[in-house]
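Working notes for the structure below.
The values are calculated or read from the model by the stated rules, or taken from the named source; none is laboratory data. Just so it is clear, the model here is predicted, and its values are computed rather than measured. All Cβ positions, glycine included, derive from the backbone under ideal geometry; neighbour counts span all protein chains shown.
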Amino acid sequence: MTTPLRVAIVGTGGVAGLHVRSLAAIDGVETVAAVDVMPGRAAGFAAEHGIPIALDSLDELLATESIDVVHLCTPPGVHAPQAVAAFAHGAHVVAEKPPALSLSELAQMTNAASAAGRQFAVVFQQRTGTAAGHVKKLLAEGVFGRPLFALCNTLWWRDAEYYSVPWRGRWETEGGGTTLSHGIHQIDLLAYLLGDWRAANAQLWRQDRDVETEDVSTGTILFDSGAVASVSTSVVSARETSSLRIDCERATIEVDHLYGHGRSNWRITPAPSVSAKEAATWEFPEDTSPSGHDALLGAVYASLLSGTPLPDVATEPARALEIVTAFYASARLGSTVSRLELQADESLHGALNAPVTDNR
Ligand SMILES: NC(=O)c1ccc[n+]([C@@H]2O[C@H](COP(=O)([O-])OP(=O)(O)OC[C@H]3O[C@@H](n4cnc5c(N)ncnc54)[C@H](O)[C@@H]3O)[C@@H](O)[C@H]2O)c1
């Protein structure tokens, strides 16, 4: 590949704007094409952002142009076929969360990436930011002691207008409810910090919204470390927050934000036994950059441009999807699902559809 890398944005709705703005700040990259099935939408987006090519079909783009990186900003139900087509073209793929609607779709994508020898980056941008990296490093070094208990909350507000977009709120096109679409961000950050999970269970609730899927879920994750996490996800919460709290033997770590975090969103509270002198060494670095698409795409393109492996903020696309899949499978089976069971039983790798208790 020669620079500048030629980038296409596929799906020019809400999140695409974040991608195009982040890309504009990266040297060695040119956004050359915008694609959207909705008539006129790609053309409007292309005109707004000075993108030369606007089309309504990814297949047509790949048949007529040479593209180095395809960004999937489309609804998650089409991520898998679009990624497979992009890898077959010889492009790298940057896919928005959730990367796919099921583990079997995700396997198709990772297999296609391997077969093509191309990189597959996933956008779970909550993993990024200097403060999250600082906490991850200290957790890995063991300075906080063993993680014991965690709270993982995604309490958001999404109303009828949000669900009027045809692909939302339906098993077939959104693949799941608020757990898959929203809670997955904090679940991914929690698992990025705490590592491998061992078992999970959840219940799905429809408390108010007119959706096929769930608008609230309550779940539990047991990590390999022995830490247990209580996970709450909602779209009926007027005071919105996204938060993690991790109680370790020697400290409580917290982040409280909505869609992104910087140093001021994080707090480390030492246990009484920790000296002030030691706690001072846990201070967040002064030079912080916040989490977000800028940080994520900056790191991804530094790798693509230098030909080095992707950074860990953009790899392991299956980690959060596995936990979320275990949540839905648990709601379906009425039992806890272990990671070993999930990995071994391919019947759990398909669509997430599960019974939702309707309390409306
Ligand atoms: N990382 C984040 O913080 C974040 C935030 C919002 C959305 N997302 C994710 O981004 C993706 C898109 O969400 P959105 O809110 O931008 O949705 P959206 O509905 O606003 O935009 C999606 C666009 O894709 C187009 N589209 C649908 N099928 C297509 C196809 N086959 N080919 C080309 N275009 C097609 C639609 O016409 C629409 O314009 C989802 O996976 C969502 O979960 C991530």
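Which strands (runs of 3 or more DSSP E) does segment 65-183 wholly contain that include 2 or more residues that are over 15 Å from ALA320 (Cβ atoms) and assigned by TED's automatic domain parsing to the domain that holds LEU258?
Result: 147-157.
If I go through segment 131-158 residue by residue, how many of them are in contact (Cβ under 8 Å) with a residue 12 or more places away in the chain and surrounded by fewer than 20 Cβ atoms within 10 Å (Cβ to Cβ)?
11
So which residues in segment 185-206 are part of a strand (DSSP E or B), touching a helix residue (DSSP H, G or I) at 6+ places or on another chain (Cβ under 9 Å) and surrounded by fewer than 24 Cβ atoms within 10 Å (Cβ to Cβ)? Steps first, answer last, please.
Step one: of segment 185-206, the residues part of a strand (DSSP E or B) are 197-206.
Filter once more, keeping what is touching a helix residue (DSSP H, G or I) at 6+ places or on another chain (Cβ under 9 Å): 197-204.
Within segment 185-206, ARG198, ALA199, ASN201, GLN203 meet the criteria.
Enumerate the pairs (first residue in segment 291-305 and crowded, with 19+ Cβ neighbours inside 10 Å; second residue anywhere and aromatic (Phe, Trp, Tyr) and at pLDDT below 95) with beta-carbon separation below 8 Å, excluding pairs fewer than 6 apart on the same chain, so at least 6 apart or on different chains.
Listed by first residue and then by second, the contacts come to nothing, as the list is empty.
A quick yes/no check of all residues on (1) within 29 Å of GLY175 (Cα to Cα); (2) among the β-branched types (Val, Ile, Thr); (3) touching a Gly at 6+ places or on another chain (Cβ under 6 Å):
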site: ALA33; (1), (2), (3): yes, no, no
site: VAL37; (1), (2), (3): yes, yes, no
site: HIS49; (1), (2), (3): no, no, no
site: ASP59; (1), (2), (3): yes, no, no
site: VAL70; (1), (2), (3): yes, yes, no
site: PRO76; (1), (2), (3): yes, no, yes
site: HIS92; (1), (2), (3): yes, no, no
site: ALA95; (1), (2), (3): yes, no, no
site: PRO99; (1), (2), (3): yes, no, no
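For the structure I just gave you, tell me whether ALA16 is assigned by TED's automatic domain parsing to the domain that holds ASP68, within 9 Å of the ligand (Cβ to nearest atom) and among the aliphatic types (A, V, I, L, M).
For ALA16, the condition - assigned by TED's automatic domain parsing to the domain that holds ASP68, within 9 Å of the ligand (Cβ to nearest atom) and among the aliphatic types (A, V, I, L, M) - is met.
Can you confirm whether segment 341-359 contains a residue that is among the β-branched types (Val, Ile, Thr), assigned by TED's automatic domain parsing to the domain that holds GLY195 and either touching a helix residue (DSSP H, G or I) at 6+ places or on another chain (Cβ under 9 Å) or surrounded by fewer than 17 Cβ atoms within 10 Å (Cβ to Cβ) (or both)?
Within segment 341-359, not a single residue is among the β-branched types (Val, Ile, Thr), assigned by TED's automatic domain parsing to the domain that holds GLY195 and either touching a helix residue (DSSP H, G or I) at 6+ places or on another chain (Cβ under 9 Å) or surrounded by fewer than 17 Cβ atoms within 10 Å (Cβ to Cβ) (or both).
Taking the conditions exactly as written (surrounded by fewer than 23 Cβ atoms within 10 Å (Cβ to Cβ) and touching a residue at least 24 places away in the same chain (Cβ under 8 Å)), does ALA229 satisfy them or not? Spell out the reasoning first.
On the way: surrounded by fewer than 23 Cβ atoms within 10 Å (Cβ to Cβ): no; touching a residue at least 24 places away in the same chain (Cβ under 8 Å): yes.
No.
Quick one: how many residues across segment 155-168 are within 12 Å of the ligand (Cβ to nearest atom) and within 19 Å of the chain's Cα centre (by Cα)? Break it down into steps so the answer makes sense when it comes.
Residues of segment 155-168 that are within 12 Å of the ligand (Cβ to nearest atom), as a first pass: 156, 158, 162-168.
Subset that is within 19 Å of the chain's Cα centre (by Cα): 156, 158, 167-168.
Final tally of qualifying residues: 4.
Residue under question is GLU249, and the condition is that it be surrounded by 12 or more Cβ atoms within 10 Å (Cβ to Cβ), of a type in the set (Asp, Glu) and touching a residue at least 40 places away in the same chain (Cβ under 8 Å); does it hold? Explain how you work it out, then say what you get.
Working: surrounded by 12 or more Cβ atoms within 10 Å (Cβ to Cβ): yes; of a type in the set (Asp, Glu): yes; touching a residue at least 40 places away in the same chain (Cβ under 8 Å): yes.
For GLU249, the condition - surrounded by 12 or more Cβ atoms within 10 Å (Cβ to Cβ), of a type in the set (Asp, Glu) and touching a residue at least 40 places away in the same chain (Cβ under 8 Å) - is met.
Taking the condition of being in a helix (DSSP H, G or I) and polar (S, T, N, Q), how many residues in segment 1-29 meet it?
Number of matching residues: 1.
Could you say whether any residue in segment 30-47 is within 9 Å of the ligand (Cβ to nearest atom), crowded, with 20+ Cβ neighbours inside 10 Å, in a helix (DSSP H, G or I) and in contact (Cβ under 8 Å) with a residue 12 or more places away in the chain?
yes
Looking only at segment 1-21, count how many residues are among the small types (Gly, Ala, Ser) and surrounded by fewer than 22 Cβ atoms within 10 Å (Cβ to Cβ).
3
Which one of these does CYS73 not meet: (1) in contact (Cβ under 8 Å) with a residue 60 or more places away in the chain; (2) over 29 Å from LEU244 (Cα atoms); (3) near the ligand (Cβ under 9 Å from one of its atoms)?
(2)
Which one is nearest to the ligand (Cβ to nearest atom), of the residues in segment 48-67 that are touching a helix residue (DSSP H, G or I) at 6+ places or on another chain (Cβ under 8 Å) and within 21 Å of MET1 (Cβ to Cβ)?
Step one: of segment 48-67, the residues touching a helix residue (DSSP H, G or I) at 6+ places or on another chain (Cβ under 8 Å) are 49, 51-56, 58-59, 62, 67.
Narrowing further to those that are within 21 Å of MET1 (Cβ to Cβ): 51-53, 58, 62, 67.
Working: ILE51: 14, PRO52: 18, ILE53: 14, LEU58: 6, LEU62: 12, ILE67: 14 Å.
Per the stated criteria, the residue is LEU58.
Applying the selection to segment 127-151, what residues are within 16 Å of the ligand (Cβ to nearest atom) and either more than 20 Å from LEU244 (Cα to Cα) or touching a strand residue (DSSP E or B) at 6+ places or on another chain (Cβ under 8 Å) (or both)?
Listed by number, the list holds a single entry, ALA132.
Only one of (1) in contact (Cβ under 8 Å) with a residue 60 or more places away in the chain; (2) of a type in the set (D, E, K, R); (3) more than 24 Å from ARG170 (Cα to Cα) fails for ARG118. Which number is that?
(1)
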